[in-house]
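Some notes on the structure that comes next.
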Amino acid sequence: MTNTESAKPILPESQSSMGSNPLEQGAATTVPGAIKKAKPRTKLPPIESVEQLLRAIYSGTFKRSTLDKAELAAMRSSPAMNSSQRDELLNLTLSDRTLDRTRQLMLISTRLEGSLPGQIRDFAREVLGRHSAFGAESLAGVLDNLPEAATEDKAVQALISQDYMSLLWPEGSKTAKKKDGEQCKANAVHCLLLLFRATRGMSVERIQRHLQIGLWAPAGRRYKSEVDMLHALLNTRDPAAVSITHALLEKQVLEHSRNAQAARSGEERATLRASQLEEHLTGVEEKLAAAQVEADRLTKQLQQATQAHANDSAHWKDDYEKLRGQVLRRLKDELTLLDEGLQALRRDPPKVHVMVDHAERAIDGLKSEMERLRGR
């Protein structure tokens, strides 16, 4: 082989199969020994308004995930979009059929402050509302955070359970593939979770839980063997996400462990308290039983006293009636004697001896009655 032959460049297949156009041939020819210069990257103009940011994202020219301070300051001082600009941008969003760029826009808004996140969120909400993924009746009012709308769990589940291959795609777009449907489902869920975080304050832990249940767990079920799992772990493209997920899960496990320990401690305290209350209840029951016995004894004693009092009252009443009858009879007899004696005194001539006899008999009778009463 000659030196000339060894210096001949080897062209890629796409270049070696070019046509006979002289311009194409000239562009494809490589001069031996020449140094290939990298094509200079076109520097994009800085972002100076929300309208420019939206246009750059949905046209695919904005690849960054952050904005510098000068861009943020310019965006805050820039005028708001007018209706014609907004309509033009909304038409531009029709090309975002898998919601990749809307997801990118909402992620960027999480790092912004002031009025910028609200402006971007309102635009993104309108984009999502026009997308067929959010057209289901079960999602009505969710994007506008209405009180009667579905809960967070039901809304996320409604998004996940849809058949994304049967969605209405924009006219003129390419036929959707299974990969597009999966990507659209993931992006739709991401956008909804980001919206919930902005409007409802959803925590990172809850977002991770929804992602794990709705997207990650189903994707991981196809890895059955340890070898498949090993390849999935070692081939992951985002170890930071795996680490964050693991840290969040560890935090949840630690929190559950603390809650379980607190529950066990509470159960032990409740058991001890129940034992103390049971002992106290036993003592109270014993006192109650003794008090019941004493109450029965006093009740019986009261009944006996009441019966005795009733009997005594009956006897006293009977004795009183007898005594009353005897005294009345004695008084009647003595009054009769005195009355007869008075009649004897009124005669002419008066019979004094009769009055004296009857008076003495009456006095003797009254004295004997007094003695009898004293002796009772």
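Set the bar at 30 Å for Cα to Cα. Now go through LYS300/LYS322; LYS43/LYS69; LYS154/LYS177; LYS43/LYS185; LYS43/LYS177; LYS154/LYS179 and name every pair that lies beyond it. Spell out each step's value before the answer.
Details: LYS300/LYS322 33 Å; LYS43/LYS69 18 Å; LYS154/LYS177 27 Å; LYS43/LYS185 34 Å; LYS43/LYS177 34 Å; LYS154/LYS179 25 Å.
Those over the limit are LYS300/LYS322; LYS43/LYS185; LYS43/LYS177.
Which one, (i) 22.6, 70; (ii) 57.1, 208; (iii) 25.0, 98, gives Rg and Dmax of the Cα atoms in Å as derived from the coordinates shown? Checked against the structure: label (ii).
Axis of helix 239-345 versus longest Cα principal axis of the chain: the two differ by about 10°, to the nearest ten degrees. Among GLN85, GLN104, GLN301, whose mean-square fluctuation peaks in a Gaussian network model of the chain (Cα, cutoff 10 Å)? The residue that fluctuates most here is GLN301. Phi-derived couplings, Karplus 6.51 cos²θ - 1.76 cosθ + 1.60 at θ = phi - 60°, listed residue by residue for region 348-355: 10, x, x, 9, 5, 5, 5, 5 Hz, with x used for Gly and Pro. Summary of the geometry: region 222-261 and region 297-376, compared by the centres of their Cα atoms, lie 116 Å apart.
What does the extension gain come out to for VAL327 and GLU278, with contour length at 0.36 nm per residue minus their alpha carbon separation? Could you put the intermediate results ahead of the total?
On the way: separation 49, 0.36 × 49 = 17.64 nm, distance 7.09 nm.
In short, 10.6 nm is gained.
A Gaussian network model of the chain, with springs between Cα atoms under 10 Å, assigns the largest mean-square fluctuation among SER161, SER257, SER275 to SER275.
Determine the gain in length on full extension of the stretch ASN82-LEU373; use 0.36 nm per residue of separation and subtract their C-alpha separation, reporting nm with one decimal. Stretched out fully, the ASN82 to LEU373 stretch lengthens by 92.0 nm. Its Cα centre serving as origin, the chain has a Cβ charge dipole (Lys and Arg +1, Asp and Glu -1) of approximately 1620 debye. Note on region 77-137 and region 267-288: Cα centroid distance 65 Å, given to the nearest whole angstrom. Taking 0.36 nm per residue of sequence separation and removing the Cα-Cα distance, the LEU146/LEU233 pair yields an extension gain of 27.2 nm.
The numbers here are math on the coordinates, done by the rules we state, and not lab data. Predicted, not measured: the structure shown is a model, and the values here were computed from it. All Cβ positions, glycine included, derive from the backbone under ideal geometry; neighbour counts span all protein chains shown.
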